[in-house]
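Below you'll find the structure, written out as structure tokens, and then a few comments.
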Amino acid sequence: MRIVFIGPPGAGKGTQSALLTELLDIPHLSTGDMLREAVAKETTVGRLAAEYMNSGRLVPDPFVVQIVGERLQQPDCERGCLFDGFPRTLGQARSLDEYLAAAGTPLDAVIELRVDEDQLVNRLLGRGRDDDSIDTIRQRFRDYTTMTAPLIDYYSSTGLLRTIDGSGTTNEVFKAIRKALGK
Ligand code: ADP
């Protein structure tokens with residue numbers, strides 16, 4: 001299966017991605033991880049990406065699309081994969097669709113994990129990390145909403161979108177995801 005996972009910071013995306021990739025036995029493709037690796041290895045893309053990442057901006061689509069395209073050619077992706085943190089823009093979503101359509105392996109589902117803003121604020125404050133103040137959390141939530149709203153519309157128009165209530169326990173949320181995927 002090929003799955004895109006979308007969710008705001010603190011929604012439990014990391015936990016649910018790990019459970020789901022294990023259940024489906026597919027690789028977990030996190031563009032954040034891939035970009036950090038490219039930066040560490042000082043590849044051409046890595047050097048270009050570093051500037052954007054250090055200032056908290058999105059890395060331009062062509063670099064991200066290239067890095068994902070290279071990863072998708074690895075043999076372990078033949079049985080599917082879970083995309084985490086990608087696509088983040090409409091351009092990336094369209095590129096991904098084109099790539100997968102050409103390969104004859106379209107997306108099977110897009111899972112949106114939805115948790116309301118107040119609950120997220122409480123969860124993130126509970127973690128007690130230094131960068132988790134109320135103001136930065138609210139700002140990140142707004143950025144997320146602005147950034148992903150067009151993607152939600154895009155995927156809902158293709159019929160792939162499955163919106164999951166992420167407010168329950170880890171187990172409850174995972175059950176709901178499995179149900180939505182028929183797994
Ligand atoms: P976070 O969850 O904190 O946003 P990520 O690990 O997903 O962290 O991403 C870290 C950084 O990598 C982002 O701030 C951005 O600069 C870059 N990045 C990751 N994924 C993408 C993407 N799909 N498009 C553009 N930039 C990305």
Item to check | Estimated 222 nm signal from helices in the chain, with DSSP H stretches of n ≥ 4 weighted -39500 (n - 2.57), rounded to 500 | outcome: -18500 deg cm²/dmol
Checklist entry - Leaving out same-chain residues fewer than 8 places away, which aspartates and glutamates sit with a Cα under 13 Å from that of Lys183? => result Glu22, Asp25, Asp108
Item to check | Taking the stretch 2-178 and dividing mean pair separation by its residue count, relative contact order in percent (alpha carbons under 8 Å, at least six apart) | outcome: 33 percent
Next on the checklist: For a bin width of 10 Å, list the pair-distance distribution of the stretch 135-183 built from all Cα-Cα distances, rounded to whole %.
Outcome noted: 23, 34, 38, 4
Checklist entry - What is the set of long-range amide H partners of Ser30 at a cut-off below 5 Å, with H atoms built 1.01 Å from backbone N? => result Asp84
Checklist entry - HN-Hα J couplings of the stretch 25-34 from phi, Karplus 6.51/-1.76/1.60, θ = phi - 60°, integer Hz, Gly and Pro as x? => result 6, 10, x, 9, 9, 9, 5, x, 5, 5
Checklist outcome for this item: Given all pairs of distinct Cα atoms, the stretch 76-168 yields a Kirkwood Rh in Å of 15.1 Å
Checklist entry - In whole Å, how far is the Cα centre of the stretch 1-69 from that of the stretch 106-148? => result 17 Å
Checklist entry - Can you list residues whose amide H is under 5 Å from Ala109's amide H, if they're 5+ apart or on another chain and H is modeled 1.01 Å from N? => result Arg2, Val4
Checklist entry - How large is ³J(HN,Hα) for each residue in the stretch 129-138, as worked out from phi by the Karplus curve 6.51 cos²θ - 1.76 cosθ + 1.60 (θ = phi - 60°), to whole Hz, x for Gly and Pro? => result 6, 4, 8, 9, 8, 3, 5, 5, 5, 5
Checklist entry - Does the stretch 2-178 come out rounded, prolate or oblate by the C-alpha gyration tensor, with a ≥ b ≥ c the root eigenvalues, rounded set by a/c under 1.5 and, if not, prolate when a/b is larger than b/c and oblate if not? => result oblate
Next on the checklist: Per residue, how much accessible surface does the chain expose to a 1.4 Å probe? Answer in Å², no decimals.
Outcome noted: 53 Å²
Next on the checklist: With θ taken as phi - 60° and the coefficients 6.51, -1.76 and 1.60, list the Karplus ³J(HN,Hα) couplings across the stretch 104-113 in order, rounded to whole Hz; mark glycine and proline as x.
Outcome noted: x, 10, x, 5, 9, 6, 10, 9, 9, 8
Item to check | Amide proton proximity set for Gly7, modelled H, under 5 Å, gap of 5+ | outcome: Leu113
Item to check | Computed E for Thr169/Tyr99 - FRET, C-beta separation, R0 25 angstrom, nearest 0.05 | outcome: 0.10
Checklist entry - What's the carbon and sulfur percent of the chain's accessible surface, probe 1.4 angstrom, rounded to a whole number? => result 50 percent
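The values are calculated or read from the model by the stated rules, or taken from the named source; none is laboratory data. Keep in mind that what you see is a predicted model, and the values were worked out from it rather than measured. Every residue, glycine as well, gets a Cβ built from its backbone with ideal geometry; the counts of neighbours run over all protein chains shown. Please note that ligands, DNA and RNA were not included when accessible areas were found on the heavy atoms of the full protein model with its side chains. Shrake-Rupley method; radii C 1.70, N 1.55, O 1.52, S 1.80 Å.
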